[in-house]
Structures are given as C-alpha cells and as structure tokens.
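Inspection log for the structure reproduced underneath, given as structure tokens.
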2 protein chains.
Amino acid sequence: MPAIARTTPIERQIESVSSATPSYGVDMDLDDEEDELNNLNIPDVVIRRLPIYVRTLHSLIEHGQVSVSSEELATLIGVTAAQIRRDLSYFGKFGKQGRGYDVGYLSNTVERILKLDRTWNMVLCGMGKLGHAIANYRGFMRSSFEIAALFDSDENLVGEEVNGHPIRPMRDLVETMRREHIQVGIIATPRKNAQETADLLVAGGVQAILNYAPVILKVPDHVTVREIDPVSALQSMTYYIED
Amino acid sequence: MPAIARTTPIERQIESVSSATPSYGVDMDLDDEEDELNNLNIPDVVIRRLPIYVRTLHSLIEHGQVSVSSEELATLIGVTAAQIRRDLSYFGKFGKQGRGYDVGYLSNTVERILKLDRTWNMVLCGMGKLGHAIANYRGFMRSSFEIAALFDSDENLVGEEVNGHPIRPMRDLVETMRREHIQVGIIATPRKNAQETADLLVAGGVQAILNYAPVILKVPDHVTVREIDPVSALQSMTYYIED
DNA sequence: TGTTCATTGTGACGTATTTCACAACATCGT
DNA sequence: ACGATGTTGTGAAATACGTCACAATGAACA
Ligand SMILES: NC(=O)c1ccc[n+]([C@@H]2O[C@H](COP(=O)([O-])OP(=O)(O)OC[C@H]3O[C@@H](n4cnc5c(N)ncnc54)[C@H](O)[C@@H]3O)[C@@H](O)[C@H]2O)c1
Ligand SMILES: NC(=O)c1ccc[n+]([C@@H]2O[C@H](COP(=O)([O-])OP(=O)(O)OC[C@H]3O[C@@H](n4cnc5c(N)ncnc54)[C@H](O)[C@@H]3O)[C@@H](O)[C@H]2O)c1
C-alpha cells in the first residue's frame with residue numbers, strides 16, 4: 001500500500017513536496033515498503049518539472065533543432081543545467097557526453113515517463129461559466145487529454161450540448177467513470193459542492209483530480225490532486241510588491 | 001534593489017499555480033545584504049501558503065468561530081500544526097498559549113502581511129476567449145483585486161465593452177499603467193505573444209504578472225510571475241496513475 | 001494566589017532538494 | 001590514432017525546508 005504522501009493538501013496549490021527516503025546510490029536493501037517500479041522515491045517536485053521540459057523540447061522540435069545540451073535547455077527554461085541533468089538521472093541516461101541530448105528522443109522519453117504516450121479521458125463536473133470555458137478549451141486535446149463526458153447537478157443544464165458532448169446528470173457520474181474506465185476528473189463546481197463532487201469522483205475510481213474550486217479536498221492517498229487557483233497566486237505575489 | 005531571485009522561472013509553472021524559490025546562487029557577493037524589513041529572507045514557499053491560511057480563516061469566520069488552535073487549522077488545511085506555527089513565527093507572535101489564535105485578528109494580520117489590506121488594480125492583456133472569462137470572473141474582486149483595464153492588440157476588439165470596461169488598444173498599455181500606477185498584470189494572449197506582452201507590462205512598471213500562456217517569461221528580478229497551467233498540472237498527475 | 005490545562009513559539013534535529021565540481025567519455029579535426 | 005573539446009552523470013557538499021519536542025505562559029477556576 002502506498003505509504004508515501006505524494007502531496008500534502010496545501011502543496012497541491014503550491015510547490016515542494018515531501019516524499020520519503022534519500023534515494024541515491026545503490027539500493028536493494030530492506031527499506032522501501034513501496035517500490036512500484038515506477039513511483040520509486042522520485043521527488044514530486046521533479047515530476048512537476050517534467051511537463052515543462054516536454055513543452056520546451058516540443059518548442060525546439062518546432063524550430064527544427066535536433067540536439068540540445070543541458071545548458072541550453074536550462075537557459076531556455078530558467079533553471080540550472082545541473083538540475084536538469086539530476087532530474088533526468090532519476091530515470092536513466094539519455095544524453096551523450098560532448099553532444100547533449102537528442103531532442104526528439106528525450107521528448108519521447110520524458111513523455112513516456114509521464115505516461116503521456118496515450119490519451120487520457122477525463123470527466124468534467126460543474127458546467128457553469130468555468131465549466132463551459134474548460135469544455136471548449138482546445139489546449140487539453142493537444143496534450144494527451146480529452147474531455148469525455150460533462151456533468152452537472154442542475155437538471156436544467158442536463159441535455160445541453162457543449163463542444164459536441166451532452167451534459168449529463170451527476171447521478172450518472174460514477175457509473176460512467178467505471179464503464180469507461182476514466183481516471184481523471186476536473187472539478188468546476190462552486191466551492192461548497194467541491195468536496196461532495198470529489199467524493200463521487202473517488203467512488204468512480206478517479207486517480208487524478210484537477211480542482212478549480214478554492215477548497216482543500218480530502219481524498220484517499222492514491223488520488224493526486226492539483227489546484228488551479230489564480231486568486232491565491234495573486235495574493236502571494238503582492239507580498240513582494242514594493243510601492 | 002532586491003538581490004534575491006524570488007522565482008525560478010520553471011517553478012512558476014510547476015504545479016497549477018506556483019513559482020519561486022529563494023535564490024541560491026543569485027546574490028553571489030557580500031552575503032545576504034537584503035533586509036527590506038519585509039522581504040527578509042522568508043522562504044517563498046511560506047508566502048505561498050499564506051493565502052490558504054487566509055482563505056481557511058475566512059471560512060472559519062463565516063462559521064462564526066472566534067478562536068482556533070494551530071492543530072485545528074492544520075487539520076482543516078491538511079498540513080502539520082508545527083508548520084503553521086513555524087510559518088507564522090517568521091512574522092511575529094500572534095497566538096496565545098492555551099488558547100490558540102483569534103481568528104479575526106490572525107486573518108487580518110496575515111492579510112496585512114500579504115498586503116491584501118488594500119485593493120490592487122490590474123490590467124488584463126489579451127481579450128480572446130480566456131480574457132473574456134477572466135474579465136467576467138467575480139472571484140478577484142472578492143479578494144483585493146480588481147481588473148481596471150482591458151487590452152488587446154486586435155483593433156476589431158478595441159472598443160468592445162466587457163463587464164463594464166472597454167477594451168483598449170495595446171499601444172495605450174504602458175501609459176495607462178503609469179498614469180494609474182498599476183503594478184499587477186494578467187497575460188491571456190496566445191503563447192507566441194506572451195513575451196512581448198510581458199515586456200510591455202514591465203515597461204509600464206508591472207511588479208506582478210499572472211501568466212496564463214504556456215511559456216516561460218523572462219522578466220527582471222523585481223517582477224514576480226506565477227503561471228496558471230492546467231495542462232502541466234494534468235501532465236504531472238498521470239505519472240502517478242496506476243492502471 | 002496557586003494549580004491545572006492547553007497550546008504557543010522555537011532551538012535542535014532530520015530530511016529533501018539543489019548545486020558544485022570533476023572523472024568519464026563521445027566526437028571531431030588533423 | 002590522438003589530443004582537444006564539450007558535455008554528461010553523479011558523488012559529495014551545501015542549502016532549504018519540515019518536524020520534534022518541550023519550556024514558557026495565558027486562562028480558568030478553586
Ligand atoms: N480556478 C479558476 O481559474 C477559476 C475561475 C473561475 C471560477 N472558479 C471556481 O470554479 C467554480 C465554478 O465557477 P463558475 O463561475 O463556473 O460558477 P457557476 O455558478 O457558473 O457554475 C457552477 C456550476 O456547478 C454546478 N453544480 C453545483 N453543484 C454541483 C454538484 N454538486 N455537482 C455538479 N455540479 C454542480 C451548478 O449547477 C453550476 O452549473 C467556483 O468554485 C469558482 O470559484 C475558478
Ligand atoms: N491557463 C489556462 O487555464 C488557459 C486556458 C485557456 C487558454 N489558455 C491560454 O491563454 C491564451 C489565450 O487563449 P484564448 O483561448 O483566449 O485565445 P484567443 O485566440 O481566443 O485569444 C487571444 C487574444 O489575444 C489577443 N492578442 C494577440 N496578440 C496580442 C498581443 N501581442 N497583445 C495583446 N493581445 C494580443 C488576440 O487578439 C486575441 O483576442 C493562450 O496562450 C492559451 O494557451 C490558458
């Protein structure tokens with residue numbers, strides 16, 4: 001059973017995460033009560049950087065660049081080269097001394113690590129203003145994600161078609177998720193209904209939740225949650241403003 | 001002149017919202033001579049937690065609760081009590097042994113720390129679909145923020161009124177910001193135009209940028225940037241999904 | 001006023017993450 | 001074939017962050 005807390009609730013909103021044991025060096029001893037061959041001690045903060053690497057590599061591919069050094073990538077992204085090399089080294093050796101990394105190969109590799117080499121179907125709960133905007137956003141599809149079904153508790157909205165999908169009643173959520181084996185959910189309900197929605201998603205077998213409602217959700221350990229919260233982002237920036 | 005790099009570009013992007021670590025190598029010389037009386041070495045990760053504390057305290061106030069212990073607050077938020085006490089201790093002593101914290105007082109105090117005890121006017125650049133949604137979102141106003149002016153480079157959009165504000169041409173941006181002393185900007189332009197928009201915001205004197213475009217912005221050190229990036233958030237969650 | 005109780009604030013410690021710095025090595029030009 | 005060059009991958013060190021645990025102390029009440 002997962003003994004590792006991937007994210008403490010507040011960190012979904014923020015950054016930095018505590019996992020477990022150091023990790024370095026060899027291994028193969030008696031510790032690890034959790035070696036999924038996968039989720040093997042890799043800091044979540046590293047995982048959260050990988051999508052940026054992928055995005056940046058894509059942009060290099062667009063420009064026709066075929067190889068890149070950690071230094072160049074680092075400059076583009078705004079981190080240190082050492083950090084990029086260390087991050088990648090958690091997963092293997094993908095570069096060549098003197099040459100750097102093959103852009104296409106590295107991009108594919110990181111995508112495979114993140115399991116982006118497939119399409120993830122998602123359910124979207126709460127079809128108010130935000131829900132409509134999300135359902136119409138084309139950025140997801142271009143990134144391994146697809147909104148497969150829309151849900152709202154308001155019977156007046158049920159049946160309306162948004163971007164090719166009908167809005168369905170919440171009572172169908174769990175069954176739909178199970179039937180279609182959907183493991184990713186988006187919450188766009190009002191704040192007060194977010195937790196109950198999360199509970200239903202969990203009942204449906206959700207493993208990842210993107211939460212737009214400004215609340216801390218309580219979910220089982222095996223569920224990952226990330227929050228989208230522009231207000232908190234703004235509120236933490238004003239601290240630094242010097243008048 | 002702050003010598004501390006508040007945000008490492010990639011960290012703005014990591015996680016739905018977020019940004020920033022205190023600098024490591026950045027202020028290389030004479031040790032840390034940087035005591036703004038304010039930005040005094042307090043870890044950015046702490047600053048990013050404060051809005052959650054505020055939000056949670058508000059919810060307690062709504063429920064009529066007048067005092068709260070670090071333990072209770074911690075349970076609500078999903079962190080440890082020690083962390084909350086440590087975080088607050090960076091700024092002073094706000095609790096009473098045996099009693100905990102006065103909810104209203106603590107809320108006000110943290111808001112004052114974050115400079116939320118005033119209204120921040122913002123400019124919004126890029127009035128496409130997302131821009132319209134943001135302009136109509138009422139969550140900002142309820143949180144010390146107000147969208148004061150809208151901008152788009154498309155002359156066909158200029159003049160259109162959204163939520164009571166006319167869309168203005170980008171060429172007016174810098175002057176408007178200076179005239180109205182606006183220090184917060186939101187970028188909702190296409191990816192490829194985000195950097196040029198950021199440059200204009202900087203020219204206008206921006207100090208905080210909320211960036212919805214999926215790019216790493218290069219800005220001067222005194223500017224804080226946080227990114228809203230649901231795609232990256234999703235892409236980092238799939239890693240953990242066990243099929 | 002003294003005793004009990006709950007809970008803070010923080011030094012000391014432990015873990016997590018980043019950076020340094022360099023040996024190892026692939027490639028290239030000659 | 002070989003030295004020069006550039007860049008990786010990674011131990012070791014440095015730094016940042018989180019937690020433990022407890023002395024200090026305010027409030028309640030006898
Ligand atoms: N993070 C962001 O960028 C962002 C932006 C805008 C809004 N929000 C948040 O998103 C949420 C929705 O905002 P909105 O403007 O779309 O509000 P809205 O009122 O327009 O829409 C909410 C929708 O949720 C539905 N709903 C209510 N209870 C439900 C339930 N239990 N299950 C399913 N659906 C339910 C309602 O019927 C309604 O259609 C709010 O929490 C708001 O704070 C976040
Ligand atoms: N983070 C999120 O949640 C999220 C959601 C949706 C879209 N996005 C991103 O937001 C951006 C906008 O998305 P959209 O769907 O609104 O696109 P859109 O094409 O509907 O709107 C873009 C608008 O920006 C304007 N624009 C272009 N160049 C400009 C410039 N230099 N200065 C000012 N305005 C300029 C265009 O005229 C247009 O009105 C994209 O980068 C998209 O990827 C982010």
### Task
Out of the residues in segment A:64-83 that are part of a helix (DSSP H, G or I) and of a type in the set (Ser, Thr, Tyr), state the one that is nearest to B:Lys218 (Cα to Cα).
A:Thr75
### Task
Would you point out which residue out of A:Pro220, A:Pro230, A:Pro169, A:Pro214 is within 16 Å of ligand 2 (Cβ to nearest atom) and over 24 Å from B:Arg191 (Cβ atoms)?
A:Pro214
### Query
Residues in segment A:171-178: is at least one closer than 18 Å to A:Glu227 by Cα and surrounded by 14 or more Cβ atoms within 10 Å (Cβ to Cβ)?
no
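B:Asp152 - would you say it is of a type in the set (Asp, Glu), over 15 Å from the mean Cα position of the chain (by Cα), crowded, with 21+ Cβ neighbours inside 10 Å and within 12 Å of ligand 2 (Cβ to nearest atom)?
Details: of a type in the set (Asp, Glu): yes; over 15 Å from the mean Cα position of the chain (by Cα): yes; crowded, with 21+ Cβ neighbours inside 10 Å: yes; within 12 Å of ligand 2 (Cβ to nearest atom): yes.
For B:Asp152, the condition - of a type in the set (Asp, Glu), over 15 Å from the mean Cα position of the chain (by Cα), crowded, with 21+ Cβ neighbours inside 10 Å and within 12 Å of ligand 2 (Cβ to nearest atom) - is met.
Kindly state which strands (runs of 3 or more DSSP E) lie completely within segment B:85-164 and contain at least 3 residues that are within 21 Å of A:Val231 (Cβ to Cβ) and either within 12 Å of another protein chain (Cβ to nearest Cβ) or within 16 Å of ligand 1 (Cβ to nearest atom) (or both). Walk me through it before giving the result.
Working: elements: B:100-102, B:120-125, B:145-152.
In segment B:85-164, B:120-125, B:145-152 are the strands (runs of 3 or more DSSP E) which contain 3 or more residues that are within 21 Å of A:Val231 (Cβ to Cβ) and either within 12 Å of another protein chain (Cβ to nearest Cβ) or within 16 Å of ligand 1 (Cβ to nearest atom) (or both).
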#### Entry: Residue tally, condition within 16 Å of ligand 2 (Cβ to nearest atom) and surrounded by fewer than 24 Cβ atoms within 10 Å (Cβ to Cβ), over segment A:233-243
0
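Can you name every one of the strands (runs of 3 or more DSSP E) wholly within segment B:165-235 that holds 1 or more residues which are without any contact (Cβ under 8 Å) to a residue 40 or more places away in the chain and more than 17 Å from the chain's Cα centre (by Cα)?
Once the strands (runs of 3 or more DSSP E) in segment B:165-235 are filtered for at least 1 residues that are without any contact (Cβ under 8 Å) to a residue 40 or more places away in the chain and more than 17 Å from the chain's Cα centre (by Cα), what remains is B:165-169.
Rule-based calculations on the coordinates, nothing more; no lab input. Model, not experiment: these values are computed from the prediction. For neighbour counting, all protein chains shown are included, and Cβ atoms are generated from backbone atoms with ideal geometry for every residue, glycine included.
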